[in-house]
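Report on the structure given below.
The values are calculated or read from the model by the stated rules, or taken from the named source; none is laboratory data. Just so it is clear, the structure is predicted and the values come from calculations on it, not from any experiment. We place every Cβ from the backbone using ideal geometry, glycine too, and count neighbours over all the protein chains shown. Heavy atoms of the whole protein, side chains included, go into the accessibility calculation; ligands, DNA and RNA do not. Shrake-Rupley method; radii C 1.70, N 1.55, O 1.52, S 1.80 Å.
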Amino acid sequence: MKKIKLVFSILLVISVVVCNASNSKEAAMAFNSGKAKFEKNDYKGAIKDLTIAIGYDATDANAFFFRGRAYFQLGKNTEAISDFTVAIALNPKNAIYYYEKALAFADQEDFKFAYREMNKAIELDNNNANYYFIRGTIEMEIEYTTDAHDDFEKAATLGHAEASKMISAR
């Protein structure tokens, strides 16, 4: 009886390992297909493939991130924000996840939340000129004009051409 249990346990472990390896391969294939479709502006196709990838591996932050970007491109900000939120929960140290989430909030004119997300992006990556520029534009919307000017100056210092135009326009 002990031998049967041992054999059964070994077979169970082997099947779990093989299944996980197979799921990992399937997840990677679906992710790569979704990413390729995203890059070809086939956002609906990207969402379909990335949803499959997530079905195989719900711990892949990049799959949620790219699906969120595809939703954003289709104007589906609620879905995009939801996917960016999951990506952040899975990998909270990636500044671009917060940046993209901020863009989705800003697109639906939810500037206070957009501002919060841009602050986090800058906290994680304080050398990205575009982050300061976008935060400056958000600050203009919520009438933090002094802060906006400071952010445009920082963005210009980091090489953002549009930021220089915003400073000289004032």
For K44, list the aspartates and glutamates whose Cα falls under 16 Å from its own Cα; do not include residues on the same chain fewer than 8 positions away.
E79, D83
Multiply the residue gap between F113 and D147 by 0.36 nm, knock off their C-alpha separation, and tell me the result in nm, one decimal place.
10.6 nm
Probe of 1.4 angstrom, ligands and nucleic acids ignored: what's the accessible area per residue over segment 78-170, in square angstrom?
52 Å²
Report the extension gain between K40 and K165 in nm, rounded to one decimal, defined as 0.36 nm multiplied by the number of residues separating them, less their alpha carbon distance.
41.8 nm
How many nm separate the modelled label positions at E123 and N91, each set 7 Å beyond the Cα in the direction of the Cβ?
1.9 nm
